[in-house]
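Before any comments, here is the structure.
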Amino acid sequence: MPKTMVSIVLPTYNRAYILGDAIKSVLMQTYPYFELLIIDDGSADGTEELVMRYQDERIRYYKFEENAGQAKARNYGIELAEYDYIAFEDSDDIWHPEKLEVQMEAMCSASPEVGFAYHKIRYERDDGQVMVFPPESMAFEKKSGNIFAQLMYANLVPCPSIIAKKSCIAEVGGFDETMDALEDYDLVLKMARNHQALFLDRILLEAACSAGGVSASPAHFLVASCRLLQKYRQDYLDTNTLNHRIENILKNAEQIGERERFIRLIELSLR
């Protein structure tokens, strides 16, 4: 087992009712060489009191005076991180005990071109249906190596599954704090443009679609999708994925009765 240290960044906001399980799943890792940076994004629900119950010197807690958004909280955690590898956890995630060990063994033996490693996650949707992501039906070779073009077609890298080199994250400027949603997808796109990905074909995390997440606001999600069209317009053209992304946005917009609004947003985004 390698003994390379990892900094785990966990942003949270008013999630005291579930945060404890996420913390416990980190403390139970078979790979003990880590620090856990809990960035409290202005919670008012007893989150601080909950964290203080854990007498583990690997936990470091920081609290914002006001809610600043997940991107800013994650960036602050990255800035504070003492080590060369960064992992991400959400407050409703449950890590399998071997997650860090499996990923760090893979990263420490990977070629220099690899900037980040990720794995499959299992999550329960709001309707109770259990899903695995990225889809198991997708060919393995599309998930590893140079995956930038595949990512332009659709995201396949869940942020909580990532362990990345801190230098890789810094090189692309971290999370875009001007984005209210899909800032994690944006980060992966930026990293994958110049770095290879290492996919581990194992489920190492259990997640949930929480009521306060992006999935609870599909219009919010689609506005962010239009923002990505604007940011990556030439990349969508170069990878021949622009039409697919537009069709996907409009399909989802029609489901919420806002097709005309998003036709206008797409037009503005591509000017």
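Compute the long axis of helix 183-194 from its Cα atoms, compare it with the longest principal axis of the Cα atoms of the chain, and write down the angle in degrees, 0 to 90, nearest 10.
Its long axis makes an angle of about 90 degrees.
What base-10 log of the normalised intensity I(q)/I(0) is obtained for the range 1-94 from the Debye formula, alpha carbons as equal point scatterers, at q = 0.15, 0.19, 0.21 Å⁻¹?
Log10 I(q)/I(0), no solvent term: -0.51, -0.83, -1.02.
For the chain, report the translational diffusion coefficient in µm²/s to the nearest whole number, using Stokes-Einstein at 37 °C, 0.692 mPa s, and a Kirkwood Rh over Cα pairs.
Rounded, D is 171 µm²/s.
Order 182-195, 242-255 from most to least packed using the mean count of other Cβ atoms within 10 Å. Mind dumping the intermediate values first?
On the way: 182-195: 21.3, 242-255: 15.6.
Going from most to least packed, we get 182-195, 242-255.
What accessible area per residue, rounded to a whole number of Å², is obtained for the chain using a probe radius of 1.4 Å?
The answer is 47 Å² per residue.
Name the residue, out of ALA149, ALA181, ALA73, whose mean-square fluctuation peaks in a Gaussian network model built on the chain with Cα pairs under 10 Å.
Result: ALA149 has the largest fluctuation of those listed.
With a 10 Å radius around each residue's Cβ, average the other Cβ atoms per peptide and rank 151-157, 174-180, 24-30, highest first.
Per-residue mean Cβ counts within 10 Å order the peptides as 151-157, 174-180, 24-30.
Using only the Cα atoms of the range 53-111, build the gyration tensor, take square roots of its eigenvalues as a ≥ b ≥ c, and label the shape rounded, prolate or oblate: rounded if a/c is under 1.5, else prolate if a/b is larger than b/c, else oblate. Mind dumping the intermediate values first?
Numbers: a/c = 1.95, a/b = 1.58, b/c = 1.24.
Since a/c reaches 1.5 and a/b is larger than b/c, the shape of the range 53-111 is classed as prolate.
Once amide H atoms are placed 1.01 Å from N in the peptide plane, what residues at a sequence separation of 5 or more from TYR85, or on another chain, have their amide H within under 5 Å of its amide H?
Under 5 Å from the amide H of TYR85: SER7, LYS166.
222 nm [θ] for the chain, helices only, -39500 (n - 2.57) per DSSP H run of 4+, per residue, to 500? Write out the running numbers ahead of the final one.
Working: 11 runs with 108 residues, N = 271.
When only DSSP H runs of four or more count, the value is -11500 deg cm²/dmol.
Show me the ranking of peptides 196-202, 128-134 by mean Cβ neighbours inside 10 Å, starting with the highest.
The peptides rank, most packed first, as 196-202, 128-134.
How would you classify the range 140-254 from its alpha-carbon gyration tensor, with a ≥ b ≥ c the square roots of the eigenvalues: rounded for a/c under 1.5, else prolate if a/b is greater than b/c, otherwise oblate?
Rounded, since a/c falls under 1.5.
Would you grab the residues whose amide H sits under 5 Å from the one on VAL114? Only those 5+ places off in sequence or on another chain, please, with H modelled 1.01 Å from N.
Result for VAL114 returns GLN196.
Can you tell me how the range 59-200 classifies by the Cα gyration tensor, rounded, prolate or oblate, using a/c under 1.5 as the rounded cut? Walk me through the numbers before you get to the answer.
On the way: a/c = 1.37, a/b = 1.17, b/c = 1.17.
Since a/c stays below 1.5, the shape of the range 59-200 is classed as rounded.
Which percent of the accessible area of the range 1-114 is formed by carbon and sulfur heavy atoms (probe 1.4 angstrom)?
The computed percentage sits at 47.
How far is helix 16-27 tilted off the main Cα axis of the chain, in degrees rounded to 10, range 0 to 90?
70
Considering the options MET152, MET179, ALA139, tell which one lies farthest towards the positive end of the dipole of the range 136-190, charges being +1 on Lys and Arg and -1 on Asp and Glu at the Cβ, about the Cα centre.
It is ALA139, whose Cα lies furthest towards the positive end.
The values are calculated or read from the model by the stated rules, or taken from the named source; none is laboratory data. In this text the structure is predicted, and so the values were computed from the model without any measurement. Every residue, glycine among them, receives a Cβ derived from its backbone with ideal geometry; neighbour counts consider all protein chains shown. Side chains included, ligands, DNA and RNA excluded: accessible areas come from the protein's heavy atoms. Shrake-Rupley method; radii C 1.70, N 1.55, O 1.52, S 1.80 Å.
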